Amino acid sequence: MPLHRLPGFIDAFEALLASEPDDASLRKEGSALLAGLVAHDDWLPAGHARPDPARYRQIPLHIDARKRFSVVAFVWGPGQSTPIHDHTVWGLIGMLRGAELSQPYRFVGAQRMVEAGPALRIAAGQVEAVGPEVGDIHRVRNAHDDRTSISIHVYGGDIGAIERGIYREDGRRDTFVSGYTPADLDRADAPRPFIPHVNP
Ligand code: FE
């Protein structure tokens, strides 16, 4: 299992951030780095890829010591989906396995939220961006009803500790903190170096 892929990606992402790119450059160059990471589905340990039948999992792969960014594996069981939510920071979604559907939303007036165009299908190897600059509100679901999909997300902060918004259909926003799901460390192939910490 090529364990170098994730550390190599983290090193490259740190170098990108150190260059202090503007938002557009960060999206473009960060997307290219993430596309490189998800181009090969041979590095995520099985203990990080097992779905929970009850709900999708958000397993931290890396949380920057200075909270500049975090890398999270989303493991979607068949048909699992998020509520409508925002992020409040930039985000990149790279599809590692399977596919997901991202349905964007927008406000029309203060009280009403509508679908902003059709759902976007993100297939394995593809990368999409979310965030306040490009559209921050969406609902995501596994595009498959019969198998697991996995996406690798990169966010402009420690997403498991950021207070952000969850929306009802009428546009009402409640704040939430998504937190993280631990990987299955009981497995022999669970690599300790992948687990920097899990928020309580
Ligand atoms: Fe999202």
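Overview of results
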item: Where Arg97, Arg147 fall by accessible area, highest first, once all protein chains stay in place (1.4 Å); result: Arg147, Arg97
item: Whole-angstrom gap from the stretch 145-178 to the stretch 7-38, using each part's C-alpha centre; result: 21 Å
item: Accessible area, probe 1.4 Å, largest first, for residues Arg121, Arg141, Arg164; result: Arg121, Arg141, Arg164
item: Cα-based helix-to-principal-axis angle, 23-38 vs the chain, degrees rounded to 10; result: 50 degrees
item: Of Leu34, Asn142, Leu16, farthest towards positive along the dipole that unit charges on Lys, Arg, Asp, Glu beta carbons give the stretch 12-153; result: Asn142
item: Angle in degrees between helix 5-18 and the longest Cα principal axis of the chain, rounded to the nearest 10; result: 60 degrees
item: Relative contact order (%) - the stretch 51-152, alpha-carbon pairs under 8 angstrom, separation at least six; result: 36 percent
item: Under Karplus coefficients 6.51, -1.76 and 1.60, residue-wise ³J(HN,Hα) of the stretch 117-130 in Hz, glycine/proline x; result: x, x, 5, 9, 8, 10, 9, 3, x, 8, 10, 10, 10, 10
item: 222 nm mean residue ellipticity, helices alone, for the chain (DSSP H n ≥ 4; -39,500 (n - 2.57); rounded to 500); result: -5000 deg cm²/dmol
item: Charge dipole of the chain about the Cα centre (unit charges at C-beta), most positive-ward option of Gly117, Ser81, Gly94; result: Ser81
item: Global form of the stretch 27-161, assessed from the alpha-carbon gyration tensor, a/c cut-off 1.5; result: oblate
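The values are calculated or read from the model by the stated rules, or taken from the named source; none is laboratory data. Worth saying up front: this structure is predicted, and the values here are computed from it rather than measured. FYI the Cβ positions are ideal-geometry reconstructions off the backbone, even for glycines, and counts take in every protein chain you see. Please note that ligands, DNA and RNA were not included when accessible areas were found on the heavy atoms of the full protein model with its side chains. Shrake-Rupley method; radii C 1.70, N 1.55, O 1.52, S 1.80 Å.
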